[in-house]
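Trainee: Just dropping this structure here.
The values are calculated or read from the model by the stated rules, or taken from the named source; none is laboratory data. Treat the numbers as computed from the prediction; the structure is a model and nothing was measured. For neighbour counting, all protein chains shown are included, and Cβ atoms are generated from backbone atoms with ideal geometry for every residue, glycine included.
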Amino acid sequence: MNTNKKDITSKKSAFFWKKGAIALMASTLILGSYSQVLANPAPLQISQRQQDWDSVLRFARLVNARQEVTSLVLQLDVLEKPETSYANAVYQIFARQDGRWRLIYSSTGARLITNSRGRVTLEPEVVSLNDLRDALDDDDLDDLELRAVAQLRYDVRGGQRNQQVTWEQVQNYRAIAQTTTTQIASSQTSSTQVTSSQTTSQTSTQISTQSSTTQPSVPVTVQGAGQPNNTLNPLRGHFSLAVLQSQPTLDNVIVRVSLKAQRPNAFLQERFVGDFRYRVNQRTRFIRGLNPGDRVVVRLFTPQNVLIGYSEFELLDDNAAVNLILPSQSSSYGIVRTVYGIDSDENGVIDANRNTYSYFTQVSGSSYRDSRVTFLSDTRNINTSLFQTQSISTSSSAVYSSSFESGIFSLVGRTIPCFISGLAPALTAAPGEVVEITSISSSSISTYEVSQLILVYQEVGFTEGTISASMTTMTMTTMTMTMTTMTMTMTMTMMTMMTMMTMTMILVALAVAIATRASATDPKDAILATPVLAVAAMTKPDALPMEIDSVNRTYASRTDQRSPINRRQEA
């Protein structure tokens, strides 16, 4: 019996230690072979085909070795694209706050896309969480819904230009897939193409090794049915802008650029392009999203945000060199000379034997918002010697483009507000109040894409509506009627005042004559008793003492002419 108990106890003890050894070995193996847990892979994403583009926008949270989320990653994977003469992409992130989408990130500079047809994967856009939190103020990123957007602008080779297409992803922050690498375009993609007759779906796993490259611009040939070929210059509408001064009196100038795009018989309202801090005699290039006939508006400010100039010019069929010349004396600030023309070789110099436009504009007004600008038709009242530079000589005449000289949108000789009502906040605010000022590089000529900048600032810089011929006519008619009414009012007021003065003088003269002939004992009683003189006194009371004194002298003279007997009797 005892022997059996000992055997059982011995077996249990051996079994216990055996299990313990196995558990110890297992734990050792687990700890010894520990590897970091990878982030959750991105889910299967569906590409969308739009305007001959088949693409998918990938959106993920980037984690570090400690499994901490450090950034968001956006990457546009283009499975198929048409042949283009130009294409770029802009990334944006929006957060839903108080029921509205608020822009919290926009890529600086467009991402250029190769022009060839086929597959291309853009470089990942990595956005720091710290930057997003700064843009969100007090809101917690973990609780927000985010919208990632990739917007493409492109020109089809031999076809339409300034086309636009957009892809987006909307997810709660916590639901966004995690990744340990910024290259997130190797995930599975389900490509879906919808036609009028059927829907086909194909799933494949692809890894892209193609990088985005920039190709030089080439002429684009557009051929229509029954029409001859027309070569479109890829530089049409582009321009470089310089602020010049022969003897600089300012360290820098703030240049506010906006665009009024041309439409049939109308212009779109101003779209804010940016506030740029120029050093005097510095040049910058503006490209893309520009067409011949569009108008560019430029407002010039001192570093203290004082408006010192306004100009407007028309874009040309080729690249243009635009020069805004400030006077060499600060006492003449407010006047700006605009000189521009075609610069086909993009060297910043107007081509010889081409039209050169040269004219002056003058800003006036006592306050910033009420300032007005006049497009001067001649230079009679201007010291033109203050507006010449080494490369640009003086001019004794004003030369405008034809659309500025005639037509419903002409400006020559007109005075218009520098800030019309209804402009977007970025256009009316002082520089630096709504939009950060962009400092221009002093080491090279900077290039900015206008279409991309308009998109970046659209929330605060987009003025709705158009400027139509009827609106311009109504405005001019209203201004004419207002000026006519003011002239008539002033004329009537002057006539009324002159009439009242004349009548007063006549009444006073008549009253004095009547009072002189009166036989009342006291001249004052005669004045008050005389209705005509009383009316005169009420009309012009300041003259009453003088008239009373005149009457007194008259009565004294008459009294002296009486006989001595009468004088003694009165005494």
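Trainee: Could you please find all residues in region 306-329 being within 19 Å of Q282 (Cβ to Cβ) and among the polar types (S, T, N, Q)?
Mentor: S311, N319, N323, S328
Trainee: Looking only at residues that are of a type in the set (G, A, S) and in contact with a helix residue (DSSP H, G or I) (Cβ under 8 Å, 6 or more places away or on another chain) in region 61-119, which one is farthest from G289 (Cα to Cα)?
Mentor: Of everything passing the filter in region 61-119, S71 is farthest from G289 (Cα to Cα).
Trainee: Look through V156, V149 and report the one residue that is farther than 18 Å from L74 by Cβ and modelled with pLDDT of 65 or more.
Mentor: Just a single option satisfies the conditions, and that option is V156.
Trainee: Give the residues of region 385-404 that are within 31 Å of the chain's Cα centre (by Cα) and surrounded by 15 or more Cβ atoms within 10 Å (Cβ to Cβ), sorted by residue number.
Mentor: L386, F387, Q388, T389, I392, A398, Y400, S401, S403, F404
Trainee: Specify the residue that is modelled with the lowest pLDDT; the eligible residues are those in region 395-414 that are closer than 28 Å to P248 by Cα and touching a strand residue (DSSP E or B) at 6+ places or on another chain (Cβ under 9 Å).
Mentor: Applying the filter and picking the extreme gives S395.
For (1) surrounded by 19 or more Cβ atoms within 10 Å (Cβ to Cβ); (2) of a type in the set (A, V, I, L, M, F, W, C), each residue gets a yes or a no:
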position	(1), (2)
I408	no, yes
L427	yes, yes
A430	no, yes
E433	no, no
E436	no, no
Q452	yes, no
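Trainee: Checking D351 against (1) touching a Gly at 6+ places or on another chain (Cβ under 9 Å); (2) in contact (Cβ under 8 Å) with a residue 12 or more places away in the chain, which single condition isn't satisfied?
Mentor: (2)
Trainee: Is it the case, given these coordinates, that G334 is of a type in the set (G, A, S), buried (at least 18 other Cβ atoms within 10 Å of the Cβ), free of Cβ contacts under 8 Å to residues at least 40 places away in the same chain and touching a strand residue (DSSP E or B) at 6+ places or on another chain (Cβ under 9 Å)?
Mentor: yes
Trainee: Just checking, does region 103-113 include any residue being basic (K, R) and either surrounded by 17 or more Cβ atoms within 10 Å (Cβ to Cβ) or in contact (Cβ under 8 Å) with a residue 24 or more places away in the chain (or both)?
Mentor: Yes, region 103-113 contains at least one residue that is basic (K, R) and either surrounded by 17 or more Cβ atoms within 10 Å (Cβ to Cβ) or in contact (Cβ under 8 Å) with a residue 24 or more places away in the chain (or both).
Trainee: Now a separate question. Being out of contact with any Ser or Thr (no Cβ under 8 Å at 6 or more places or on another chain), within 22 Å of D54 (Cα to Cα) and part of a loop (DSSP other than H, G, I, E, B) is the filter here; which residues of region 119-147 pass it?
Mentor: Residues satisfying the conditions do not exist here.
Trainee: Which fully enclosed strands (runs of 3 or more DSSP E) of region 269-363 have 3 or more residues being of a type in the set (A, V, I, L, M) and either in the same structural domain as G422 (by TED's automatic domain parsing) or at pLDDT below 95 (or both)?
Mentor: 295-301, 320-325, 335-342
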